[in-house]
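The values are calculated or read from the model by the stated rules, or taken from the named source; none is laboratory data. What you are looking at is a predicted structure, and each value in this text was computed from that prediction instead of being measured. Backbone-built Cβ (ideal geometry, glycine too); neighbour counts: all protein chains shown.
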Amino acid sequence: MGNFEGLKKGRDWMERFLPPPATGSFPEELTGLADDSRMVVPGALFILRCGTRYEEGHLREAVSKGAALLLVPELHLSSVSRRLGEWGASLPLCAVPDIQEATGVIASAWWDCPSRSLKIVGVTGTNGKTTSSFLTREILSAGGIRSGLIGTVWFDLGEGLVEAPQTTPGALFLQESFAQARKNGLGAISMEVSSHALDQERVAGTYFSAVHFTNLTRDHLDYHKTFEDYFLAKSRLIFWSNPDGGRPPAVVNGDDPYGRRLLERLRREGRECLSYGHDPAFDIHPGEVRITLDGIEGTVRIPGGGVHVASALPGDFNLQNLMGSIGCALLMGVSSDGIEKGIRSLSGVPGRFERVNPGGPFAVIVDYAHTDDALRNILTALRPLTAGRIITVFGCGGDRDRGKRPRMGRVAGELSDLVILTSDNPRTEDPGAIMDEVVPGIRESGKDFIREEDRKAAIARAIAEAGPGDAVLIAGKGHEPYQILGKTKTSFDDRLVARECLASLAGDAKS
């Protein structure tokens, strides 16, 4: 991150943005901000982020490292105060009812509300977030707004692409990232916003200029417990209120039933919004469009006209991503020329419908599809583009929503000609037990399948089975350069493994 080491705040800032101390008085100045006790520096404000319990060791470490002020949940005020007394520490304490929301708001204030100086376009949904955020970034940049990216695969804060630490970073890191983008002269950020981030208030204090909903299908129910909870978490972005009370306009996929629910409420509340989808009644919809394995070309209708689309991204689901990103660009004032130029400039997105052997006798495609809906989308898109068979290699992640396992098996069986069931990231679960839960869904389809726990062997088997005109889909991990076995990450990239198998096959053919 950039050089913010000299950033300090005095009493006037504390009196403006922090609640009055419940014990003690404000220090003369603060030298830093941290919600991780390992990052505390002498003179810092330490934010004790926690739920119904807190780790005493984190509190003790922050105190021992010289924190000058503590911000704690009201729930733990008396307990923390008592602990400080026992340790002989006379630190001032501030308390707030919602520590998670307060963290984002205070972080924004610490870096002088950086998102207010940027055009932040937030995209949420189960599938399509990454591609949509890449597209929006390209279109805004082509339209004259120098733009960065915060997403699952990459960050770009104006200094080039770097690997992303997580889908949506913590509140402190996020606001510092906005400040770095502003410092680097960016005008906009295209940003994925996960349901976890919304539920945990990681984006609190952020000013959004536009928000985008792609779709909603089953995922993350290990965290959200019910599908309605998951929907409500996503909805928070679409009905976002900025810190100044303003409400960003929304772009919503009307093809999705949950998108239609959102559109009904947005219109009922008189909120500015653009709808997109295949029906000509939507604000943004396809005109004459041709979709091949090489991409999408044609016309997309927009209010008052149309834009020509020439994209390297194939599949009908990518047509939806294009329409959503066009909507975001329109809200940001980008011209039709800028939209067309931006779409042309994006050659692909890592691990999203990524063909690893362009021009080969059969297609080998790697995709991140790790839900039944995402798998259905890509297989449905592949079918009309494939003259021969579709061979699908996939598995399901461990320590995640178990309910989607048979559903993914059913989709793979119904829409593939041959399924090779394998491991994904089993994590701490037994790989064989995960596969056992997928098998009933495949069997419901009535299709034969091959079971191969070793993912590299499964990919090799699929490529060896393929013939001219076939398509091999390797689904589930996409851009990930690792496999998680137990609690250990081992190097594994579906794309590299597929290329190795193709090279080996070609070598065997020559010999």
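Tabulated data
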read-out	value
Residue ranges of helices (runs of 4 or more DSSP H) in the range 429-511 with at least 2 members more than 23 Å from residue 365 (Cα to Cα) and either of a type in the set (D, E, K, R) or within 27 Å of the chain's Cα centre (by Cα) (or both)	431-445
Qualifying positions in the range 314-340 - modelled with pLDDT under 95 and part of a loop (DSSP other than H, G, I, E, B)	314, 315
Which listed residue, of 34, 44, 95, is more than 20 Å from residue 174 (Cβ to Cβ) and of a type in the set (Gly, Ala, Ser)	95
Restricting the range 344-399 to residues that are touching a residue at least 60 places away in the same chain (Cβ under 8 Å) and among the charged types (D, E, K, R), the residue that is farthest from residue 316 (Cα to Cα)	399
Matching entry among 480, 465 (being among the acidic types (Asp, Glu), modelled with pLDDT under 95 and farther than 16 Å from residue 402 by Cβ)	480
Matching residues in the range 287-301 - criterion: being touching a residue at least 12 places away in the same chain (Cβ under 8 Å), surrounded by fewer than 21 Cβ atoms within 10 Å (Cβ to Cβ) and part of a strand (DSSP E or B)	287, 289, 291, 292, 295, 297, 298, 299, 301
Subset of the range 44-87 that is among the charged types (D, E, K, R) and in a loop (DSSP other than H, G, I, E, B) - its residue that is farthest from the chain's Cα centre (by Cα)	65
Leading residue by the ranking (surrounded by the most Cβ atoms within 10 Å (Cβ to Cβ)) among those in the range 242-286 that are in contact (Cβ under 8 Å) with a residue 60 or more places away in the chain and in a strand (DSSP E or B)	251
Of residues in the range 102-144 being outside any strand (DSSP E or B) and of a type in the set (Lys, Arg), the one nearest to residue 347 (Cα to Cα)	137
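Here's the yes/no breakdown for (1) on the phi < 0 side of the Ramachandran plot; (2) assigned by TED's automatic domain parsing to the domain that holds residue 18; (3) surrounded by fewer than 23 Cβ atoms within 10 Å (Cβ to Cβ); (4) of a type in the set (Ser, Thr, Tyr):
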position	(1), (2), (3), (4)
135	yes, no, no, no
144	no, no, yes, no
157	yes, no, no, no
176	yes, no, yes, no
211	yes, no, no, no
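Quick grid of which residues meet (1) surrounded by 15 or more Cβ atoms within 10 Å (Cβ to Cβ); (2) without any contact (Cβ under 8 Å) to a residue 24 or more places away in the chain:
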site	(1), (2)
21	yes, no
42	no, no
76	yes, no
88	no, yes
